[in-house]
Amino acid sequence: MEHSRKDLAPVASSRAQTDASSLAQLTTFNVGGPISHLVQAQTENEIIDAIRTADEQQLPLLVLGGGSNILAADSDFTGIVVRDMRNDITPTMDDGCGGGQMTVTAGTPWDDVVVYAIENEWMGLEALSGIPGSAGAAPVQNIGAYGQEVAETIASLRVYDRLAKKITTLFLADLDFGYRHSLLKSSMVHGPLGPSPRWIVLEVNFHMRRASLGAPIKYGQLATALGIELGERAPAAEVRQAVLELRRSKSMILDDANRNTYSAGSFFTNPILTLDQAKNLPEQAPRFPVTDHTTIRQIGGEPTVVPGLVKSSAAWLISHAGFDKGYGLPNKAALSTDHSLAITNRGGASANDIVQLAQEVRDGVQKAYGVTLVPEPVFVGLSLD
């Protein structure tokens, strides 16, 4: 099937406003208080200067990409907000044996990166299509979807180390990638220097296999959408379109006219349980192996299974604990009517409205199944506790 340039056009990854005066205008939740100082950095030096200023003056620092994984308090943010406005993708290698490599500035919208890889026939990112946010935020969360994780394609990160006060390189072996986890995420600094990580991503270096077909499909719903069997491959452009259609069906593609997309996507991560903990779940509760995508020895290969652990479905647990799609309506904060895992701002919701609903869902699942769900968004000025 031929695909036009229009077919591969990046989808919107942010609804942030360039003349923003509040975090509500910079986040997909459309929630958050006024900001004291916004730096819209066009160069690496501007980014580093703003970070150093915040750290030297012991001001809170928030480095933002697309604002798609932030839940900010309604009160004033009295520190410095830095937006990386750079958008640049530079190929550094492209051959049949060594594969493809590219260096991407951290502010580049994520879906631009996916489209660039597909257009150059580099496999490994196609199932991550449509995820909002920026390239620099992708490794912090180790974003993943439909059987792929960004950890499979990252070679290294060029970062600014806030403690050492210098630029350095973190390689794949340094990054401690796991399910929605990384060294950067675990270094999130709270208190006077928060809420950004110790290491601020400046550039991401990717290494991918040369192929017009996507990686083997590992997710049943995506395989069905493509009309193929699990483990088979399809053209990367077709995988991308199928992923986007699935995400749209769940209101996981930003759309200003769709209140279901005023969210941070999946609010809770899928719980990782020990085998003993998993025994306490109902028999029909989903159970999946926990895999380590950093152990893939060949790009497009299979990750190893982590023994002794089981991953369940947060969406299943939430729905079966009594919180189905649309729960909370007609309140200003409610679960998406298309996806029970997304908490949404229906219009005029405060951060506290969202927190209260998240607490209700978390506590309800804990009471029903003994599982404590972990929130995925970064909290700025508030928490669930």
Cut-off 10 angstrom, C-alpha nodes, Gaussian network model of the chain. Which of Thr27, Thr108, Thr43 fluctuates the most? Thr43
Between rounded, prolate and oblate, where does the stretch 23-84 land on the alpha carbon gyration tensor, with a ≥ b ≥ c its root eigenvalues, rounded for a/c under 1.5, else prolate if a/b exceeds b/c? oblate
Within 15 Å, Cβ to Cβ, of Leu175, how many net charges do the neighbouring residues add up to if Lys/Arg are +1 and Asp/Glu are -1? -3
Applying the gyration tensor rule to the Cα atoms of the chain (axes a ≥ b ≥ c; rounded if a/c under 1.5, else prolate if a/b exceeds b/c, else oblate), the class is rounded
With springs only between Cα atoms under 10 Å apart, run a GNM on the chain and tell me which of Gln101, Gln17, Gln241 wobbles the most. Gln17
With every protein chain kept in place and a 1.4 Å probe, the residues Asp292, Asp385 fall, from largest accessible area down, as Asp385, Asp292
Taking R0 as 35 Å, what's the FRET efficiency between Asp276 and Glu119 from their Cβ-Cβ distance, rounded to 0.05? 0.15
Relative contact order, percent, of the stretch 89-210 when contacts are C-alpha pairs under 8 Å separated by at least 6 residues? 32 percent
Virtual spin-label span in nm between Asp385 and Ala257, 7 Å along Cα→Cβ: 4.4 nm
Filter Lys166/Lys218; Lys218/Lys279; Lys185/Lys325; Lys165/Lys311; Lys218/Lys332 down to the pairs with a C-alpha to C-alpha distance above 32 Å, please. Lys166/Lys218; Lys165/Lys311; Lys218/Lys332
Quick check on packing: order 63-75, 255-267, 124-136 by the mean number of other C-beta atoms within 10 Å, highest mean leading. 124-136, 63-75, 255-267
Net charge of Cβ neighbours under 11 Å - reference Gly322; Lys, Arg +1; Asp, Glu -1: -1
Length gained, Ala9-Gln42, 0.36 nm per residue minus C-alpha separation, equals 9.5 nm
Between Val306 and Asp95, Cβ-based FRET efficiency (R0 41 Å, step 0.05) works out to 0.75
Distance in nm between pseudo-label sites at Ser186 and Tyr219 (7 Å out along the Cβ direction from Cα): 2.6 nm
Taking the Cβ of Gly194 as the centre, find all other residues whose Cβ is under 14 Å away and add up their charges (Lys, Arg: +1; Asp, Glu: -1). +2
Please list, by residue number, everything in the stretch 161-190 whose backbone N is under 12 Å from a paramagnetic label point 7 Å out along Cα→Cβ of Ala155. 172
Placing +1 on each Lys and Arg Cβ and -1 on each Asp and Glu Cβ in the chain, then taking the dipole about the Cα centre, the residue among Asn352, Ser212, Ala264 whose Cα reaches farthest towards the positive end is Asn352
Length gained, Asp49-Asp88, 0.36 nm per residue minus C-alpha separation, equals 12.0 nm
Run the numbers on the chain and let me know its relative contact order in percent, using alpha-carbon pairs under 8 Å that are six or more apart. 16 percent
Sorted by mean Cβ packing within 10 Å, highest first, what order do the peptides 372-383, 162-173 take? 372-383, 162-173
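The values are calculated or read from the model by the stated rules, or taken from the named source; none is laboratory data. Computed from a predicted model, the values in this text were never measured in an experiment. For neighbour counting, all protein chains shown are included, and Cβ atoms are generated from backbone atoms with ideal geometry for every residue, glycine included. Surface areas here come from the heavy atoms of the whole protein model, side chains and all, with no ligands, DNA or RNA. Shrake-Rupley method; radii C 1.70, N 1.55, O 1.52, S 1.80 Å.
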